[in-house]
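Have a look at the structure below before the remarks.
The values are calculated or read from the model by the stated rules, or taken from the named source; none is laboratory data. This one's a predicted model, so the numbers in the text were calculated from it and none came from an experiment. Neighbour counts run over all protein chains shown; Cβ positions are idealised from the backbone, glycine included. Only protein heavy atoms, including side chains, enter the accessible area calculation; ligands, DNA and RNA are left aside. Shrake-Rupley method; radii C 1.70, N 1.55, O 1.52, S 1.80 Å.
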Amino acid sequence: SAFAALMASIWIVAVMPIVVALPYGWQGYCPALGGLEQDVTPLTAGEQTLVTGLRQVQVIVRHGERNLYAPMPCFPGWHPEMECRLNISRALNSVVGPKPSWSEKSCQVGQLLQTSLPRIQQLGRLLREAYIGEQKPLGPLRMDDESVRVHSTDVERTVATAFFLAESLKAKDEQAHIHTRNVSTDPWKLRGCPKVRSDFVSLWQRARSILNADPSYMDFKRRWQSAGNFNFTPGLSTETGFNYDCLLVSMCETGGLPESVSPQLRDESLEWAHKYIELVYKPSPTMRKFAFGMVEEIEHMAASTAKLAVWATHDTALLALWNGLGIWDGIYPTYADITTLEFYELQNSSSAIRVLRQGKPVKIPGCGFLCPTDQFFGSFADLRSMSHQGMCSLVPTTYLPAALSQSQLQADSDDVEMQDSAQLLPGASGVVYIIRHGEKIDAGDHLNATGLARAQWVARLWGRGFLSRYQAPKAIFANFFNEEYNAIELATPLAERLKLSVNSSFHRPAYGYDNHLAGHAIRAALQSGGPVMAVWESWNMVALARAVGCNRSWMADFDAKKWGHVPEHQLTKFDNFFILSLKDGICTDISLEREYFPACRTWEQPCPETDVPYAVLAAMLIMLPLVLALVKLGYIYLGNSEAKIFGDDMTSPFLGGQH
């Protein structure tokens with residue numbers, strides 16, 4: 001009815017994101033409707049003479065609008081407020097495989113927003129009009145796994161996007177199944193190939209080095225810092241003062257930014273962020289290997305009976321796929337951005353693929369717009385001929401697989417004392433200390449005065465000095481991600497005292513909890529003798545311990561956010577640390593201990609009463625070796641005196657002569 005149409009229009013306007021004009025590379029990121037806003041471009045007249053029919057369509061879609069992808073401070077004193085009232089319980093009930101965690105009570109990290117629905121539903125309607133139904137290329141379809149196959153990464157926002165898209169595609173009251181898998185082996189989450197992930201980290205580091213060598217970039221960073229008193233990082237970081245995800249989410253969902261961020265600074269920041277992305281994701285052997293994992297999935301699906309397949313994924317996977325195929329046009333993936341692969345049967349009994357982005361055909365390098373299937377998949381023949389171990393293994397020996405999903409780790413650790421893997425490096429024996437960086441400034445990238453004082457305290461505790469309490473490490477690792485210097489600054493005084501270098505080549509993941517690269521490096525260091533120290537970040541403390549090979553059910557109380565963001569751990573969030581013991585690659589013990597650093601002594605105000613016992617205990621622990629040493633000296637002195645008094649010569653220093 002006209003009234004229903006009017007109400008629908010009012011609802012769409014009410015929930016639509018803000019339309020914002022953005023600089024090159026970010027066009028369309030905040031449109032009124034996105035992904036696919038027009039009919040699919042038909043085949044040309046010449047192409048139509050070559051084909052006999054459309055056999056299958058595969059749709060690769062980025063999730064819709066979401067909350068910030070990670071818990072970040074964003075802008076000091078200013079934080080975008082999201083409307084998180086989209087209920088996705090039906091979507092989760094449709095999942096076949098691991099289910100992501102979700103709660104209706106809060107605005108969760110990365111949660112799909114209400115504003116995503118119009119875009120996703122519009123995308124579904126246009127796809128249905130182009131391909132599905134009577135007199136349409138694919139004909140009528142039932143939402144069963146034989147005709148329609150829907151896959152998603154094991155993440156709430158992609159699962160919900162896949163579900164609402166499937167809901168918009170179907171013509172009847174049918175239930176689509178959303179298939180997920182463990183995130184550690186999912187190529188659509190850029191997982192499953194540790195060697196390629198390691199190469200990816202090198203690309204990040206190279207990109208940062210190139211930007212830092214550019215005087216224009218350093219000038220911009222100084223102006224940004226001066227304007228807002230918070231740091232700028234071009235990549236995705238969860239603790240720095242700025243992250244381009246903060247900027248984009250704020251503009252798309254609220255239309256606002258802090259007053260300190262002028263339109264010029266806003267555009268410059270996005271231009272530098274895009275430059276960084278271009279440096280990381282440009283066509284390279286690493287991108288081809290990432291793309292190959294996804295192309296293999298596409299090829300396997302092409303051989304199935306399904307007429308329609310949906311892959312719900314993320315911007316990083318799309319960038320890797322596009323650049324691996326050499327088809328990226330420089331425009332960053334928008335929310336609900338769609339790449340479509342049409343599989344045609346040809347007159348000559350062969351087949352061909354047409355690739356479209358947002359409904360527009362894309363030319364495949366060296367292949368054209370209608371690319372023979374054998375040529376499309378054959379472009380990865382060199383990688384296909386390699387063994388998985390040859391392409392993906394970090395070292396010839398076995399390595400710890402990527403961390404399990406959080407839900408699986410939680411389930412596994414509820415009832416058993418388990419280790420993540422028995423395939424640890426042989427001979428990895430010794431002690432591993434995993435400590436957190438110290439207290440930090442508001443921007444999050446450097447230690448504050450208290451944190452720097454804690455660094456000196458750590459140097460005393462492990463520094464082989466008179467007041468040391470723990471065996472000194474022989475190797476020190478420190479998390480260094482997106483110019484976060486906290487861990488390096490905490491480790492440096494100890495490293496200088498022990499004349500060691502700080503290994504900052506490994507770091508926490510950009511997202512998630514996959515720390516297996518760092519875990520592997522720590523175990524490798526143990527082969528030449530321990531102890532080994534790792535100075536890490538709170539959200540990944542437990543994840544790193546698991547990656548090294550130690551897990552206990554009680555660790556769930558400190559996992560991820562719980563380490564420092566729950567009331568019961570506020571007093572100890574910088575003080576707690578793990579001691580892991582390994583024997584021949586097997587974890588034999590793990591304990592949680594405390595540094596007992598009297599942090600409040602560095603504050604301007606007096607120590608609160610609740611902290612006094614810790615300070616007193618710390619002072620007692622420090623004084624204990626001194627007291628014992630004095631007692632020992634006194635004993636030696638008195639012992640010598642007694643010998644002189646009652647010995648053969650009967651000489652006493654107290655009596656001054658013989659008797």
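Shape call for the stretch 289-396 from the C-alpha gyration tensor, a ≥ b ≥ c root eigenvalues: rounded (a/c under 1.5), prolate (a/b greater than b/c) or oblate?
oblate
Hey, if we sort Asp39, Asp589, Asp154 by accessible area with the 1.4 Å probe, largest down, what's the order?
Per-residue accessible area, sorted high to low, gives Asp39, Asp589, Asp154.
When every alpha-carbon pair in the stretch 303-365 is counted, what percent end up more than 20 Å apart?
Result for the distance tail: 33 percent.
What figure, in Å² to the nearest 10, do you get for the accessible area of Tyr24 with a 1.4 Å probe and non-protein molecules left out?
So the heavy atoms of Tyr24 present about 130 Å² to solvent.
Taking only protein heavy atoms and a 1.4 Å probe, what accessible area per residue, in Å², does the stretch 180-328 have with all protein chains in place?
Roughly 32 Å² per residue, with all protein chains present.
Using the eigenvalues of the Cα gyration tensor, what equivalent ellipsoid semi-axes result for the stretch 428-587 when each is taken as the square root of five times the eigenvalue, whole Å, largest first?
Equivalent ellipsoid semi-axes, largest first: 21, 20, 15 Å.
For Val295, Val155, write out the residues from largest to smallest accessible area, computed with a 1.4 angstrom probe and no ligands counted.
Sorted by accessible area, descending: Val155, Val295.
Quick check: with the 1.4 Å probe, what order do Met287, Met82 take by accessible area, largest first?
Largest to smallest exposure gives the sequence Met82, Met287.
Between Glu129 and Arg469, what FRET efficiency follows from the Cβ-Cβ distance if R0 is 56 Å, with the result rounded to 0.05?
0.20
Leaving ligands, DNA and RNA out of it, report the carbon-plus-sulfur percent of the accessible area of the stretch 311-396 at a 1.4 Å probe.
54 percent
Using the Karplus equation 6.51 cos²θ - 1.76 cosθ + 1.60 (θ = phi - 60°), what ³J(HN,Hα) coupling, rounded to whole Hz, does each residue of the stretch 538-544 give in order, writing x for Gly and Pro?
Going residue by residue, I get 4, 5, 10, 4, 5, 4, 5 Hz, with x marking Gly and Pro.
Ranking request for peptides 166-176, 524-534: highest mean number of other beta-carbon atoms within 10 Å first, then the rest in descending order.
Ranked by mean Cβ neighbours within 10 Å, highest first: 524-534, 166-176.
Check Arg66: other-chain or 5+ apart residues with amide H under 5 Å from its amide H, H built from backbone geometry?
Leu113
At 1.4 Å probe size, what's the solvent-accessible area of Ser379? Round to the nearest 10 Å².
My reading of the accessible area for Ser379 is about 60 Å².
How large is ³J(HN,Hα), in whole Hz, for each residue of the stretch 583-593 in order, when computed from phi with the Karplus curve 6.51 cos²θ - 1.76 cosθ + 1.60 and θ = phi - 60°, using x for Gly and Pro?
9, 6, x, 10, 6, 9, 6, 8, 9, 10, 10
Can you list residues from other chains, or at least 5 along the same chain, whose modelled amide H is less than 5 Å from the amide H of Ala309?
Hits under the 5 Å cutoff: Val57, Gln58, Val59, Arg149.
Just the number, please: carbon plus sulfur as a percent of the accessible area of the stretch 175-305, 1.4 Å probe, no ligands or DNA/RNA counted.
Using a 1.4 Å probe with all protein chains present, the stretch 175-305 comes out at 51 percent carbon and sulfur.
Show the residues, 5+ positions off or on another chain, whose built amide H is closer than 5 Å to the amide H of Asn231.
Gly241, Phe242
What would the Debye formula give as log10 I(q)/I(0) at q = 0.11, 0.26 Å⁻¹ for the alpha-carbon point model of the stretch 134-209, no solvent?
For the requested q values the scattering log ratios are -0.45, -1.15.
Quick one: what are the phi-derived ³J(HN,Hα) couplings along the stretch 182-188, Karplus 6.51/-1.76/1.60 with θ = phi - 60°, whole Hz, x for glycine and proline?
Residue by residue, the stretch 182-188 yields 4, 4, 5, 10, 8, x, 6 Hz.
What is the percent carbon and sulfur in the accessible area of the stretch 560-602, measuring with a 1.4 Å probe over the protein chains and ignoring ligands?
50 percent
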